[in-house]
Amino acid sequence: MSDIKPRDPAILDARERGADYLVRRHYFRWTEALPWLIAIACFFLFPNRMTFGNQVLIMVMFALSLDLILGYAGVVTLGHAAFFGVGAYTVALASLRLGWSEPISGLIAGGLLAGIVGAAVGWFIVRYRGLTLLMLTIAFAAMLQESGNLRSDLTGGYDGLPGLMFDPLLGYFQYDLYGHTNYWYVLVVLAVVFYFVRRIVYSPFGQVLTGIRENVRRMHAIGSPVHRRLVTVYAISAAIAGVAGALFTQTNAYVTLTVFDFDNSAKVMVMLILGGTGRLYGPFLGAAVYMILEDYFSKLSPTFWQLGIGLLLVLAVLFARRGLLGLAEDARGWFAAKERDKERRSSAPRRLVWKREHWTALGSSALDGAIIGFIAGFAINMKQIELMTAFVTGMPARALTFTLIGAGIGAGINAIYLLITSRTSVEEQAS
Amino acid sequence: MTVPALQVEGLNRSFGALHVTRDVNLSLERGARRALIGPNGAGKTTLINLITGVLKPSSGSVRLNGEDITATSQAERARRGLARTFQINQLFRGLTVLENICMAIGERDGHNNNLWRSAGAKREVIDEALDHLESLRLVDDSLKLIRNLPYGRQRLVEIAIALAQRPRVLLLDEPAAGVPSSESHLILDVVAGLDPDIAVLIIEHDMDVVFRFAKEITVLVQGAVFTQGTPEEIMKNEDVRAVYLGQEGHAAGGRGGGHD
């Protein structure tokens, strides 16, 4: 019927644009090659840091698995280490107790088993939301850890299972001390997993996940079997976490029950949120930034490195709620808005209105800066001196300097921020 | 004798001691245009929630095209052709208008089970979604995010999603609620132009709309059906004026009266 009626060309054009967007949405963009090129470049730039590189890639995969359920489906979980652990122990026990040391089939077995456990657990827990769900996921990981501890004869308990042996990759590539073989192994597995995740994200099923996150009531109303969909994605995510865990055991040739730690679950979530959720590349950025900083801070101060990570998170929460990728998006949006702004500047004269709350904001940000500066000064002292003596000797002068510098920086940043926002607000009022 | 598209029999629902739905009987023939009216708190939205399966009734039955659906889930009812809109927008705010519609079509046709092919690979889904948008004059907005859309247009998307489900029974919960009167005619035109095969139940407070659109009216008071009838009968009914129109003041009654 619609082809018979003569149609308005403007409407046809709008239709074409709409369809085009959906059809092209999943096409590869050249920027997407960037993380992979960087990963390959790292191999040649830092050949003696490949063991560390491995750990980063494994955490990227782990965070990617979490992104599917947290970033896309909006299911918040703090027990994802459970599935990482299932994968890790599958290959460890298969190698040690069954003599099954072929790495790739072990990897698949680890993923499958974690996926099955994920489906079973998911069937119970995804019907809950919010705090209840959070507690259930934590409890499940703790249960697995504790049952592993009860059978420490089998699992090695918290002392772990050291000296695991795996067959050469594809029966040919030997492992080396520098982790070079492993690096390529993990990178290729990550690429395969990423390809799967990317397809899922751009598929109708991936749209459904976003729909569940955006409005679950509407999903029910349009006839979506929400529970089944969530169990499916939970199982897939668990399987990927399992693969990451299996790689962890294989590349370290060692595993302990600490893989089930709450720390591990929390860390992967922090990485994901730091990078940006629901964006496919958030896990790459988040895991890399987090781990590189963790590595750097722990060298700076083996005792107080967590302080640095803590500061980083405070900054992320203050300035990058939607993660680093979100920050990048905001910056791009801001520049675009500025461009548009340039064109119509003549029509709307801009002026700055200082209000009382701006002064209080400035003051409180100076105070924040002072506190951060104080802690920073304290931390830098830590580098050389023992804790107690640092307090007494090195502290006053240096801490004072840092406090003042910090206050200055804090107030400065906020002043710039206020300049920008107060201008836009004036303009919004005008338009 | 044809089977009614929707038949509600002896429906009851209590929240604790509060009896919000009392023995409601309601039937929609194919192509029906029925309005559900009643003072605030009469249980209109609760009734919609009972019919669509958001709430389970304490007793009574709901039949869709003769099949008993009382025990089925909300999603199952939707798949069998029962669609609704919400009084307060329930949309995928971070997605584009087009994606909102495609979501409903994909769910209806089962494409949404696919986790391998690209969502844009099914051209017929996109084309159908664009058809729906075109008929509601929303094509120009198809790539806008819902959250960037004016509220009145969001209300249209609300209806477009329900229509994309190709429903046989459509429940509209105050489709023009919250829309400035300068724009509400856009929505009401859409409602008036709905496919004559679809059975429609509309909750609406604006008596102009009710009398213009509905062929039958059900008045709900304190959870029970107070009376049913044609618009003329309802308008002449002194009791209805007393419990309902009276409450709204003479303006509502007067406006309704001005139409006959």
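Please treat every number below as a calculation from the coordinates, not as lab data. Because the structure is a prediction, the values reported are computed rather than measured. FYI the Cβ positions are ideal-geometry reconstructions off the backbone, even for glycines, and counts take in every protein chain you see.
If you wrap the Cα atoms of chain B in a convex hull and average its projected area over all directions, you get 15.0 nm².
When the helices of the protein assembly as shown are scored as -39500 (n - 2.57) per DSSP H run of n ≥ 4 and the total is divided over every residue, the value at 222 nm lands at -19000 deg cm²/dmol.
Measuring nothing but how far apart in sequence close Cα pairs (under 8 Å, 6+ apart) lie, relative to its length, chain A scores a relative contact order of 21 percent. When the Cα atoms of region A:146-265 are aligned to their principal axes, the ranges along those axes come out at 55, 37, 22 Å in descending order.
How high is the relative contact order of chain B, given as a whole-number percent (alpha carbon pairs under 8 Å, six or more residues apart)?
Values: 438 pairs, mean separation 69.8, N = 260.
Taking the mean separation of contacting Cα pairs over the length of chain B, I get 27 percent.
Near residue A:148, within a Cβ-to-Cβ distance under 13 Å, what is the net charge of the other residues, with Lys and Arg +1 and Asp and Glu -1?
Working: positive: A:151; negative: A:146, A:153, A:159, A:261.
Net of charged neighbours comes to -3.
As a rough footprinting exposure proxy, the listed residues A:284, A:260 were ranked by other beta carbons within 10 Å of their own, and the order from fewest upward is A:284, A:260. All distinct Cα pairs of chain A go into the 1/r average, and the inverse of that average, the Kirkwood radius, is 24.8 Å. Modelled label positions at residue B:18 and residue A:318, each set 7 Å beyond Cα in the direction of Cβ, lie 4.5 nm from each other. Taking 0.36 nm per residue of separation and subtracting the current Cα-Cα distance, fully stretching the chain between residue A:357 and residue A:331 would add 6.8 nm. For residue B:33, the amide hydrogen comes within under 5 Å of the amide hydrogens of B:200, B:215, B:216, counting only partners 5 or more places away or on other chains and with H modelled in the peptide plane. If R0 is 51 Å, the Cβ-Cβ spacing of residue A:172 and residue A:20 corresponds to a FRET efficiency of close to 0.65.
Given N residues in region B:102-250, what is Rg(Cα) / (2.2 N^0.38 Å)? Write down the numbers at each step before the final one.
On the way: Rg = 18.6 Å, N = 149, 2.2 N^0.38 = 14.7 Å.
Ratio of Cα Rg to 2.2 N^0.38 Å: 1.26.
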